[in-house]
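First the structure, in the form of structure tokens, and then the observations on it.
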Amino acid sequence: MSVPGPDGRRATSPDLDSMAELRLRIAASPHLRSSHSTPRIMWNVVGSLVPILAVATYYFGPSALLVVGAATIGAVLTERLFGRKGSTGDGSAVITGLLLGLILPPGFPMWMAFLGGVFGIAFGKLIFGGLGQNVFNPALLGRAFLQAAFPIAITTWPVQPATWWSLRGDNFALPLMSPSAPDIATGATPLGLMKFEGLPTGTWDLMIGSTAGSIGETAGLLILLCGGYLALRKYLDWRIPASIFLTVLAFSGVLYAIGPDRFPNPLFMLFSGGLMLGAMYMATDMVTSPVTPAGAWIFGAGIGLLVVLIRVWGGLPEGVMYAILFMNALVPFINRTTQPRVFGKPRRKPKGAEA
Amino acid sequence: MLGSSTFRHGVHPPESKHLTEKVRVRRMPFPDEIVLPLRQHAGKPARLLVKAGDRVERGDKVAEADGFVSVPIHASAAGTVKDIRLCPHPDGSMAESVVIAVDRFSPQVPRPRIVPRWEGLSPKQVVEEVQKAGVVGLGGAAFPTHVKLLPPDDMPVHTLIINGAECEPYLTTDHRTMVEYPARVQFGIRIMMKALGVDKAVIGVEKNKPDAISRLQDTLPDDLDVSVLPLTVKYPQGAEKMLIKVVTGREVPSGKLPMHVGVVVQNVGSIACIGEIFETGYPLIERIVTVTGPGVRRPSNLLVPVGTRLRDVLEFCEGVTDEATQIVFGGPMMGAAQPDLDTPLIKGTTGVVVLTKDQARSVERYPCIHCGRCLEACPVFLNPSLLGTQAQAGRYDEMEAANLMDCMLCGCCSYVCPSHIPLSQMFALGKNMLRKRKAAA
């Protein structure tokens, strides 16, 4: 029988030393956590953008890397200088920079891309309070800023250059200088061709990306694949792209049925312009999309509707950016009106009962 | 009616039951000292009956029920009352407790038949005996069992549901009870059905316990409508409301009791306990506890006298490893971390889980990115993301409007949150604040 110590406790036997020195940690339950983390989600998104950037580089040469690089450096530097301590490590600024670069034309001057990254992070995110607080997608806000500030540069699309190595425009234009008139011929994007000249582009070309367009927007199938990976890993909400695609297909399908000669076919709508990248990577930005499942469907449907409206009847050939930004602004409202029904409560509060 | 075998949402933490699910229940020897807090159940604490220096036999009452929602407490070992003092309580506070110096030379045989035989007792008398035996819910909440056995007349109860889900990771207390004492479970069901006057009983067991399911199925009585319902393995399948939804297809209305949908839910351990008290005649003085986790040297299922200190239990399990950093009473999803090795295991202690450095560590917190994972985890369909924002701003009225009081603190939201926001902790605080405010008003 062990001898009770002076305080009434049993003397600790030698092989139980670990208990004598045990320093117990106190924390609130639950004491287990899933392996998810916000940086892990963000870096997975970054990783899924790498193949898209690689294919873009294949199509647009070194210009693609220069523009995307400049935008990313602008975004990360701003986050680093003005963001919360250590917030660059969560990877969200890298995503903003990469995405911004991917939605710019390949011949875009680097200083402008850099400025877009700075603006996107500073005025699209940090001014609201940093990660999780912003209303609008920072990359799209950066692009909206660039579109307003440099309307010519952002709508200059190069055609096939002499070699892969040649630049697709005046990437190295000096800051505050307009890009010199490019030596290479410029062309139009499939959406521009459709809108202003009524010329269609082959669907297969749109799917694999061998068309003019923004750096990372052309390879529709690849974007679908990379986004699909994220959806499978639950790093993005599949409902949003699904509802965008369905709405666009349905709406433009109806139009196409009414007038096949006046309206583009639904597949063209789906794979042209920035729709794929926008639906998979911009609309699904968790911070600026609804948190409720029902809200996600509404949000996506709104984007799809607006995209077709702008493309068909608007003054611009492309409308994904404005469609998403507009719906971003509605997110608080959508969230409020789509709160889930609580377990054990009636489906809808009787209107008169509250008064 | 039995459309699905599970509920919507919930999470899948690693089950980690392999450590003890095949380990037979062992009886732990009596420790040198027993600490019996007067507050071991939900409701009013028991009223003290003994004083320092009194001799008590095993099974003697040391405190009596104080009112209806209260139960007595019995000495779990023979010895001398050494002191009545404040001792660490599993809930983190200090609580008035009876400290008994165990008589090492006593044979520890209880007085015979403290609880009478059940044959010939009226349902009302059965309920009285259940209270007198100090029976509480052994699933963790420790709600006095007899209260649930007396539904008001305007709420007819038609089904008794026995909760054998045991959805908390690591714990195998109920699992071993079902495997090793199926007859006792069936006997308990028989008594409960008579006391409640119901003619249907369903035992819900998660499918990760096939041996328990088959043992129960083999022992089903011929003369009663009792069935075993295998359940999908998902946390919190064992939450009362989730289990009722699966068994009956009905949702318990918000803020109401299971009786409102005509059911009473009892933990399988409590059922076995009722079977045991009428079988042996002893009150609730010992219970089965799983001592497990990667930080304990010999994971075990133990039959422990109520009031045994954590230190003694861990010593009996050959101590903890060098990696151990945190000890939880109950399961790791809802259990409470214990700071003091002198804390006693009480009636509601389902398990002792010793976690290691790589599990229990501080993680960096990030801002909410509105990913919506918590919404898709919450089994009662709240919006934890919104509630978390409100909690951080201290806006408790808004939290109440956002149905905070429906939160059952299951911890699913905290478990899935990629930003590691301690949501359920904030909600526990918020619920307390609202309750206090209501009490003050």
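Quick look at the values:
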{"item": "Single match in B:Val247, B:Val233, B:Val261 (criterion: closer than 22 Å to B:Met405 by Cβ, among the β-branched types (Val, Ile, Thr) and modelled with pLDDT under 95)", "result": "B:Val261"}
{"item": "A:Ala181 vs. criteria in a helix (DSSP H, G or I) and either surrounded by fewer than 15 Cβ atoms within 10 Å (Cβ to Cβ) or at pLDDT below 80 (or both)", "result": "no"}
{"item": "Lone unmet requirement of (1) touching a Leu at 6+ places or on another chain (Cβ under 6 Å); (2) more than 14 Å from chain A (Cβ to nearest Cβ) for B:Arg311", "result": "(2)"}
{"item": "Members of segment A:31-68 that are polar (S, T, N, Q), touching a helix residue (DSSP H, G or I) at 6+ places or on another chain (Cβ under 8 Å) and within 14 Å of chain B (Cβ to nearest Cβ)", "result": "A:Ser34, A:Thr38, A:Asn44"}
{"item": "Set B:Val205, B:Val233, B:Val198: member being among the hydrophobic types (A, V, I, L, M, F, W, C), closer than 22 Å to B:Pro169 by Cβ and assigned to a loop (DSSP other than H, G, I, E, B)", "result": "B:Val233"}
{"item": "Residues of segment B:328-351 satisfying the condition of being within 7 Å of another protein chain (Cβ to nearest Cβ), part of a loop (DSSP other than H, G, I, E, B) and of a type in the set (Gly, Ala, Ser)", "result": "B:Gly335"}
{"item": "Lone qualifier among A:Val291, A:Val312 - being more than 14 Å from chain B (Cβ to nearest Cβ) and of a type in the set (Val, Ile, Thr)", "result": "A:Val312"}
{"item": "Spans of helices (runs of 4 or more DSSP H) in segment A:226-337 with at least 1 residues within 30 Å of A:Ser34 (Cα to Cα)", "result": "A:239-258, A:293-313, A:320-337"}
{"item": "Selected residue [among the aromatic types (Phe, Trp, Tyr), within 30 Å of B:Val247 (Cβ to Cβ), within 13 Å of another protein chain (Cβ to nearest Cβ) and touching a residue at least 12 places away in the same chain (Cβ under 8 Å)] from B:Phe30, B:Phe7", "result": "B:Phe7"}
{"item": "In segment B:139-161, residue surrounded by the fewest Cβ atoms within 10 Å (Cβ to Cβ) [restricted to those that are farther than 17 Å from B:Ala239 by Cα and among the aliphatic types (A, V, I, L, M)]", "result": "B:Met155"}
{"item": "Number of positions in segment B:300-334 that are of a type in the set (D, E, K, R) and in contact with a strand residue (DSSP E or B) (Cβ under 6 Å, 6 or more places away or on another chain)", "result": "2"}
{"item": "Elements of type strands (runs of 3 or more DSSP E) contained in segment B:8-124, each with 1 or more residues being touching a Pro at 6+ places or on another chain (Cβ under 9 Å)", "result": "B:33-37, B:61-64, B:79-88, B:94-102"}
{"item": "Residue satisfying condition, being touching a residue at least 24 places away in the same chain (Cβ under 8 Å) and closer than 22 Å to A:Leu232 by Cα, within set A:Leu99, A:Leu104, A:Leu66", "result": "A:Leu99"}
{"item": "Test result for A:Arg233, farther than 18 Å from A:Met321 by Cα, surrounded by fewer than 16 Cβ atoms within 10 Å (Cβ to Cβ) and either in contact (Cβ under 8 Å) with a residue 40 or more places away in the chain or outside the structural domain of A:Met207 (by TED's automatic domain parsing) (or both)", "result": "yes"}
{"item": "Among residues of segment A:105-139, those that are part of a helix (DSSP H, G or I) and either surrounded by fewer than 24 Cβ atoms within 10 Å (Cβ to Cβ) or not small (Gly, Ala, Ser) (or both), counted", "result": "14"}
{"item": "Segment B:219-245 residues that are within 11 Å of another protein chain (Cβ to nearest Cβ), paired with ones that are of a type in the set (D, E, K, R) and in a loop (DSSP other than H, G, I, E, B) (beta carbon under 8 Å, 6 or more apart)", "result": "B:Tyr235/B:Glu168; B:Lys241/B:Glu251; B:Ile244/B:Arg250; B:Ile244/B:Glu251; B:Lys245/B:Glu251"}
{"item": "Filter result (β-branched (Val, Ile, Thr), within 14 Å of another protein chain (Cβ to nearest Cβ) and in contact with a Lys or Arg (Cβ under 6 Å, 6 or more places away or on another chain)) within segment B:246-276", "result": "B:Val252, B:Val261"}
{"item": "Filter result for B:Arg104 (in contact (Cβ under 8 Å) with a residue 60 or more places away in the chain, surrounded by fewer than 21 Cβ atoms within 10 Å (Cβ to Cβ), among the charged types (D, E, K, R) and in contact with a helix residue (DSSP H, G or I) (Cβ under 8 Å, 6 or more places away or on another chain))", "result": "no"}
{"item": "Restricting segment B:409-422 to residues that are aliphatic (A, V, I, L, M) and crowded, with 21+ Cβ neighbours inside 10 Å, the residue that is nearest to the other protein chains (Cβ to nearest Cβ)", "result": "B:Val416"}
{"item": "Residue ID - nearest to the other protein chains (Cβ to nearest Cβ), chosen from residues in segment B:391-405 that are crowded, with 18+ Cβ neighbours inside 10 Å and in contact (Cβ under 8 Å) with a residue 40 or more places away in the chain", "result": "B:Asn403"}
{"item": "Selection status of B:Thr356, more than 10 Å from chain A (Cβ to nearest Cβ) and surrounded by 20 or more Cβ atoms within 10 Å (Cβ to Cβ)", "result": "no"}
{"item": "Test: B:Leu382 is under 26 Å from the mean Cα position of the chain (by Cα), surrounded by fewer than 21 Cβ atoms within 10 Å (Cβ to Cβ) and within 10 Å of another protein chain (Cβ to nearest Cβ)", "result": "no"}
{"item": "Which listed residue, of A:Gly124, A:Gly132, A:Gly120, is closer than 17 Å to A:Asp285 by Cα and in contact with a His (Cβ under 9 Å, 6 or more places away or on another chain)", "result": "A:Gly132"}
{"item": "Any chance B:Met192 is surrounded by 20 or more Cβ atoms within 10 Å (Cβ to Cβ) and either closer than 30 Å to B:Cys412 by Cα or not aliphatic (A, V, I, L, M) (or both)", "result": "no"}
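The values are calculated or read from the model by the stated rules, or taken from the named source; none is laboratory data. Everything quoted here is computed from the prediction, not taken from an experiment. All Cβ positions, even for glycine, are placed from backbone atoms using ideal geometry, and neighbour counts span all protein chains on display.
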